[in-house]
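Data first, discussion second: the structure below is written as structure tokens.
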Amino acid sequence: MAENKTKTDIKFHDKDYSSPISGGDFRLRELTLHSRSNDSIIHLNAAGVFVSLDIYEDLFSNVLRGTFTFVDNQGLAETVPIIGDEDLVISYGTPGSEGTGTDFQEKRDLTSEDKSEEVIRQKFKVYDCIENPLTEEGSAKVYKLFFVSWEYVISTKNKISKGYKSRFYHQVVKDSLNKINTKITPEYRKNFFIEKTATPQNTIIPNWTPLQAINFCASRSTSAVEE
């Protein structure tokens, strides 16, 4: 008869921030605001300033959107000024990613070691800023920034008017994505995986934005991968 053995010498360590506590756990490394009217970088990831950060991912939306709420007790909205046309840079990683000890608020370039430890750094476009007068306390004010991925901004400013003869839909999508990706700083470019489509098509893109062209191709595509 087989004998079952149980390992009893397993040691459990106290929870700390060097390992995930729950699914989806992450560590916010950098949250900075970059204004076109001011060369200084505003750090907003600090106690007494940071209130909430919400990023929304939707299956029916091509890009990420989000809101960031913070307390302004230094008059930043007037001195920067914050007008809703800034860039918001967000850097985060898994709880184990702090092993490199890199200060991402000072160092702009991530090393290969940082990337291997799952640190992600992205830039978003702020398109609106509102003040919440109900939470005003003394001289401090609370502001909410609304932001969106830069891919959306670039797409709205570019049009594709082109005919594709005997081309696969995935090739049209790749061409459309390149229209966006080439206009983004290399540091913030995203890696895309495009699944191959089954049959070549004659396609006309009638002065659409790149994201409109992508949605059109996606709605008509059939996967080339056999199930």
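Every number in this text was worked out from the coordinates using simple rules, so none of it is lab data. Since we're looking at a predicted model, the values are computed, not measured. Cβ: placed from backbone, ideal geometry, glycine included. Neighbour counts: every protein chain shown.
Annotations for the structure displayed:
- Efficiency of FRET from Cβ geometry, ALA198 and HIS34, R₀ 41 Å, rounded to 0.05: 0.40
- Among the listed pairs LYS123/LYS144; LYS174/LYS196; LYS144/LYS183, those whose Cα-Cα separation exceeds 20 Å are LYS144/LYS183.
- Segment ARG220-ILE130, extension gain: residue separation times 0.36 nm, minus the distance between their alpha carbons: 28.4 nm
- Within the stretch 46-89: backbone nitrogen closer than 14 Å to the LYS144 label point (7 Å, Cα to C-beta): 51-56, 66-71
- Residue separation of ASP87 and LYS162 scaled by 0.36 nm, minus their Cα-Cα distance, works out to 23.8 nm of gained length.
- The stretch 45-75-the stretch 170-190 distance, computed between alpha-carbon centres (Å): 25 Å
- Each label point was placed 7 Å from the Cα along the Cα-to-Cβ direction; for LYS190 and THR69 their separation is 2.6 nm.
- Cβ-based net charge around VAL126, under 11 Å, with every Lys or Arg adding one and every Asp or Glu removing one: 0
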